[in-house]
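Following: one structure in structure tokens, then a few remarks.
Please treat every number below as a calculation from the coordinates, not as lab data. Keep in mind that this is a model prediction, so the values were computed, not measured. Glycine also receives a Cβ, built like all others from the backbone with ideal geometry; neighbour counts cover every protein chain displayed.
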Amino acid sequence: MNVIAVYPGRFHPFHKGHASSYSQLANQFGSDNTYLAISAKQEQPKSPFSAADRAKMAMVLGVPKEKIKVVTNPYAAKEYMDMLQKNGGDTENTAIVFGVSKKDMEGVPELNIPPDPRFEFKPKKDGSPSYLQPYNNGELKPMSQHGYVVSTDVEEFPIAGETMRDASAIRKAYSDANEEKEVEILQDLYGKNWKLIKPIFDTHLPLRESLIRFIKRVTPLLREASPSQKLKYKKIVHEAYNKINKTKVNDYLEEK
């Protein structure tokens with residue numbers, strides 16, 4: 001049975017902690033067999049970066065361009081099966097292993113973050129095994145039947161002298177920072193290549209914070225608004241989303 005390893009996620013932003021997890025998978029399953037799967041979802045304010053932006057972040061940190069895939073559902077088999085078949089692979093003779101950080105597998109009790117329920121591997125309602133199963137290096141089923149999950153160690157590193165354990169904290173810290181602090185944050189996230197990523201952060205995060213402030217200020221007023229006023233508000237927010245999310249998904253992946 002052939003095995004491919006996939007490190008999937010939203011990655012808003014992708015940083016060197018994620019790159020470390022990707023490298024762990026590549027070391028375990030082979031660099032030729034390991035892929036980074038970036039969720040295509042981009043929606044302000046919680047998912048501000050385009051897939052192209054996140055692909056560039058990953059490439060800056062050493063993930064090969066040809067190993068980056070943009071997917072709609074990072075843990076569903078169909079897209080990976082389609083990709084494999086397109087390249088002449090045999091889906092019935094290939095198992096798929098997903099890398100998941102220990103933080104997602106086990107949660108963070110001290111921060112009241114529970115484990116992700118997807119990785120509890122509970123049976124389906126009809127009693128049959130769930131698609132995702134723990135990886136144990138034993139007999140594997142093809143990717144059409146099961147996907148397997150292996151945990152990766154989380155690389156902890158200071159970001160501008162602080163401990164930030166989730167992407168939302170990073171985004172907020174950057175949005176609140178002065179120029180000197182912005183540089184410090186990016187250097188900790190991307191090392192010597194931070195200048196390549198700064199335009200991406202500067203483009204999307206100020207817009208994100210502006211949109212959050214707008215929503216927080218206007219939403220309480222909607223309790224007394226008329227249906228037409230509520231509709232107008234929703235239209236304004238959707239227009240803001242559309243203007244912010246212009247970047248094409250594969251811009252950086254298709255660069256020559």
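Brief remarks on what is shown
- Entry note, the chain: relative contact order of 24 percent, from Cα contacts under 8 Å with a spacing of 6+ residues.
- Equivalent ellipsoid, the range 43-111 (semi-axes from 5 times Cα gyration tensor eigenvalues, Å): 25, 19, 13
- Dipole moment magnitude, nearest 20 debye, the range 2-152 about Cα centre, only Lys, Arg, Asp, Glu C-beta charged: 380
- Euclidean distance of C-alpha centroids, the range 118-172 and the range 1-41, integer Å: 12
- Kirkwood-type radius of the chain, with distances r between different C-alpha atoms, in Å: 20.0
- For the range 63-154, the gyration tensor built on C-alpha atoms gives an oblate shape. Its axis ratio a/c (a ≥ b ≥ c) is at least 1.5, and a/b is not larger than b/c.
- J(HN,Hα) series, the range 73-87, from Karplus relation 6.51 cos²θ - 1.76 cosθ + 1.60, nearest Hz, glycine and proline x: 10, x, 10, 9, 6, 4, 4, 6, 5, 4, 4, 5, 5, 4, 9
- In this structure the amide hydrogen of Tyr7, modeled in the peptide plane, comes within under 5 Å of the amide hydrogens of Tyr35, Leu36, Ala37, Gly99, none closer than 5 places in sequence on its chain.
- Estimated FRET transfer efficiency when R0 is 22 angstrom, pair Lys46-Asn112 (beta carbons, to 0.05): 0.70
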